[in-house]
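One structure below.
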Protein chains: 2
Amino acid sequence: MPDDAGHRDGGVKRTSGKGITVTMRDVAQTSGFSPATVSIVLNNAPLAQYIAPATKKKIEEAARKLGYRPNAMARFLRSKRTHSVGVMLIDITDPFCTPILRGIENSLYQASYAPILADAHNQKNRFERALEMLLERHVEALIVVANWTFVDIHVLADFNKRNIPVATIGWELPGDTVSSVMVDNEAGGRLALEHLYKLGHRKIAFIRGPKMLIDSAPRWKGIQKFASSAGYEIDQTLVTQLPDGLDPSSGFDGGFRLTEELLQKRRKFTALVAFDDLTALGAIRALTKAGIKVPDQCSVAGFDDVALSAMSSPSLTTVRQPLETMGNLAVNVILEGITASQEKRDWTISHQRTSPELVIRESTRAVSLSSADD
Amino acid sequence: MPDDAGHRDGGVKRTSGKGITVTMRDVAQTSGFSPATVSIVLNNAPLAQYIAPATKKKIEEAARKLGYRPNAMARFLRSKRTHSVGVMLIDITDPFCTPILRGIENSLYQASYAPILADAHNQKNRFERALEMLLERHVEALIVVANWTFVDIHVLADFNKRNIPVATIGWELPGDTVSSVMVDNEAGGRLALEHLYKLGHRKIAFIRGPKMLIDSAPRWKGIQKFASSAGYEIDQTLVTQLPDGLDPSSGFDGGFRLTEELLQKRRKFTALVAFDDLTALGAIRALTKAGIKVPDQCSVAGFDDVALSAMSSPSLTTVRQPLETMGNLAVNVILEGITASQEKRDWTISHQRTSPELVIRESTRAVSLSSADD
DNA sequence: CATCGCGCTTAAAACGATTCAATAAACGGA
DNA sequence: TCCGTTTATTGAATCGTTTTAAGCGCGATG
């Protein structure tokens, strides 16, 4: 029991009375009709068109008067529809989860679905146990938010077997077994470098993402592509790469350390492209510590546009992922899957790519004479 | 439908087959026993002590072979236990929610409860509709995460009426109707000022929290108490207050603006105590913009220790709320309520206070001669 | 007059588990 | 032999809905 912090306790008793449960039968009784009719009316089922308006009114009145609330479990049991969706976060601590989660919750809410939350804590066994739980609860779909993962198709096989639509955000499985929503990382990488290049920077350092992260390769590819298209040659001595690490904040530490190393080696650069925002913040910390001013002496660009980026000083120029929108999209995808599955139709596995957007803030600036490369 | 970002679509068909549902009856049949026995064995019910070991083994084997997974809905319907807990966030965007959420999820997971998530978006009607949804789903308890709210007891009355335990985090209702978990704000306020005072600061600016937030008053009270106990007189011309605002990031803007105003009025101060971390970051932004170095010329202290605080430059000295622990505590509280309610006992409404902790980072420093007050 | 159709409503069977009272077998003791 | 107790298992009711096929009254039609 985590019970560390000293805490005091004020205490007052609360009496527990008997739970008064109003069932449909009660509504039926007080309204003078049968449960069947009540059900039909209250759900506005197809048959409701034949029900006399007077009847409807009476039933609705009775329901309101009694404060009737349908029992979701009973309903689910019969209708086989739980109206819930599993939302699995690989690590809720990652700041990039939050906006996605909002997007998911919001779209689900609009569609009258309830999200059942699970946080895998970056652990495979928790991931699997949570999936198990979601299956038992008969979620109608699953959304997985991750930017890396240990998970292979195997683990999601049970979902496929039961025709439960699955969508991943920020990560995708090889093959066409599971739908996914990702930002166009390549375009994003391109945007970042293009921005700095246009500002006149020619000595640019890069902190690549860890190999484990699916985003790393395409972002780097976008950078390379822009470089070659612009005739810019990347100085390999200015290229570093984050080690694999699970903790979301490892990007910050990594960015800090790699930048320090770069500085210790007396490498000269006027700009730095970081794998993501946390890495960029780590880099800025290292630069600041070394007395190098951002952006005056060195520009820094990040990726993601997490909440912090706008609030750090200097605020961070970054490539924004439309995170909330990605959450919305994932919900659209699984919703489509659900209706298809309901109608015993096939549905389409889709791989959506959202467009990243360059957000220019304070951390980047046109190259100046007084830059760190002198 | 939010569908803004340009996105492409790759598509492959997925065939939907018939859903193979393994029920308890199936297990009963293949194992050669009755559903009743199967239930008893698989749940390790009291009666299981009388079941022959051989029988148990056979049943468990059959269940495993068939890949039997109990249908949670059916179980819930009969046993009246949903094993789910509603988690209502007043605004998921608030960075202080994330660690709390992790704490909640984690403790719930340990106790085999599933969190059903709801995000009120700071809107009363969404709050209420979400509560409705949670009631229909028969959550066994409710946890509300908020630092302010429009909600009065009235809205939670339905929960009380049904004896569903409720706990709030970061906020509490007047009276003893609902349990709560909060940081000891007064102690926290004291810690912040004490820290700066001990560093030698005597010209200290304050940005008080908005009246609407429940945290504001006690934090200020703690500050005042320390001041008077230390014989330090607060300069009222250095005291400002954030306006009420719903958006979680309004603290940042407010901190920025109020600090700018202070500077424009040419008020001299060597340190600033901000209501919370975002406010502090806003203040730092303003100071930096005005050419005042933090912490060299002005120290800044925040409150909360949200994730950003460690990563901003300079990193933020702050008063930490044990957020994750508070999530854990809230779960303990409602768990106790649930068992009590189950056993038709009364349970205790408790008001927990966790101890804040001073986290000293880069943004504060002993007062120096070259400070901004010269 | 029988029959049909129509408009409105409902009986009753699920859904998949849990739970309790009941039963059956086995066994020892009187 | 009979009874009481313990051990092992199960039948059947139940939870609160949804849903399908059927029921009923009644005016219209042939």
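The numbers here are math on the coordinates, done by the rules we state, and not lab data. Predicted model only: the values in this text are computed from it and were never measured. Cβ placement follows ideal geometry from the backbone for every residue including glycine, while neighbour counts extend to all protein chains displayed.
Side notes on the structure shown:
- Highest-fluctuation residue, B:86, B:231, B:188 considered, GNM on chain B with Cα pairs under 10 Å: B:231
- The range B:144-185, Cα convex hull volume normalised per residue, Å³: 68 Å³
- Residues B:153, A:349, arranged from fewest to most other Cβ atoms within 10 angstrom of their Cβ, appear as B:153, A:349.
- Long-range HN-HN contacts of residue A:272 with modeled amide H, under 5 Å: A:205, A:299, A:300, A:301
- GNM result for chain A, Cα springs below 10 Å: residue of A:218, A:322, A:35 fluctuating most strongly: A:35
- Peptide-level mean, for B:285-297, of C-beta atoms on other protein chains within 10 Å: 1
- For the range B:46-118, Kirkwood radius (reciprocal of mean inverse C-alpha pair distance, Å): 15.6 Å
- Chain B: relative contact order as a whole-number percent, Cα under 8 Å and 6+ apart: 16 percent
- Of the DSSP H helices in chain A, those whose Cα atoms cover at least 24 Å axially and whose Kyte score averages 0.5 or more: A:323-342
- Values of log10 I(q)/I(0), in the order q = 0.32 Å⁻¹, for the range B:103-145 under a Debye, Cα-only, solvent-free model: -1.17
- Mean sequence separation of contacting Cα pairs (under 8 Å, at least six apart), scaled by the length of the range A:100-230, corresponds to a relative contact order of 18 percent.
- The Rg/Rh ratio of the range A:273-374, with both radii computed over alpha carbons and Rh defined as the Kirkwood radius, is 1.25.
- Proportion of all alpha-carbon pairs of the range A:118-261 beyond 27 Å (%): 36 percent
- Reachable aspartates and glutamates from residue B:344, criterion Cα separation under 15 angstrom, eight or more residues apart if same chain: B:140, B:336
- Note on the range B:239-330: along the principal axes its Cα atoms extend 46, 29, 18 Å, ordered by decreasing extent.
- Computed over the range B:231-374, relative contact order equals 24 percent, with contacts defined as Cα pairs under 8 Å that lie 6+ residues apart.
- Dipole orientation for chain B: of the candidates B:358, B:115, B:35, B:35 has the Cα lying most toward the positive pole (charges on Cβ; Lys, Arg +1; Asp, Glu -1).
- Cβ neighbours within 10 Å from other chains - mean over A:70-80: 6
- Summed over qualifying helices (DSSP H, 4 residues or more, each -39500 (n - 2.57)) and divided by its residue number, chain B shows a 222 nm mean residue ellipticity of -13000 deg cm²/dmol.
- Each residue of the range A:207-215 was assigned a 3J(HN,Hα) from its phi angle through the Karplus curve 6.51 cos²θ - 1.76 cosθ + 1.60 (θ = phi - 60°); the sequence is 10, 7, x, x, 4, 5, 7, 5, 6 Hz, with glycine and proline shown as x.
- Pairwise Lys count, the range A:124-229 - Cα closer than 23 Å, eight or more residues apart or different chains: 8
- Comparing B:277, B:152, B:215 in a Gaussian network model of chain B, where Cα atoms under 10 Å apart are tied by springs, the biggest mean-square fluctuation is seen for B:152.
- Fewest-first ordering of A:247, B:304 by other beta carbons within 10 Å of each residue's beta carbon gives A:247, B:304.
- Inter-chain shielding of A:114-126 (mean C-beta neighbours from other protein chains, 10 Å cut-off): 4
- Of all aspartates and glutamates in the structure, the ones whose alpha carbon falls short of 20 Å from that of residue A:58, not counting any fewer than 8 places away in one chain, are A:26.
- Under a 5 Å amide H cut-off, with hydrogens placed 1.01 Å from N, residue B:119 pairs with B:89 among residues at least 5 apart or on other chains.
- When the GluC sites (Glu not before Pro) in the range A:165-263 are filtered for DSSP coil states and for at most 12 other beta-carbon atoms within 10 Å of their beta-carbon, the remaining sites are A:233.
- Here's how it looks for residue A:239: its modeled amide H is under 5 Å from those of A:206, which are all 5 or more places away or on a different chain.
- Reciprocal of mean inverse Cα separation for the protein assembly as shown (Kirkwood radius, Å): 28.2 Å
- When restricted to Cα atoms, the range A:185-300 yields an Rg and a Dmax of 13.0, 37 Å, respectively.
- Of all beta bridges that DSSP places with both ends in the protein assembly as shown, some 20 percent have antiparallel geometry.
- Each other residue within a Cβ distance under 12 Å of residue A:364 adds +1 if Lys or Arg and -1 if Asp or Glu, for a net charge of 0.
- Computed with the Debye formula from one identical point scatterer per Cα of chain B, without solvent, the log10 of I(q)/I(0) at q = 0.07, 0.09, 0.12, 0.14 Å⁻¹ comes to -0.45, -0.66, -0.93, -1.11.
- Packing-based exposure ordering (other Cβ within 10 Å, fewest first) of A:284, B:164, B:20, B:292: B:20, B:292, B:164, A:284
- Dipole-positive endmost among A:297, B:205, A:281 within the protein assembly as shown (Cβ charges, Cα centre): A:281
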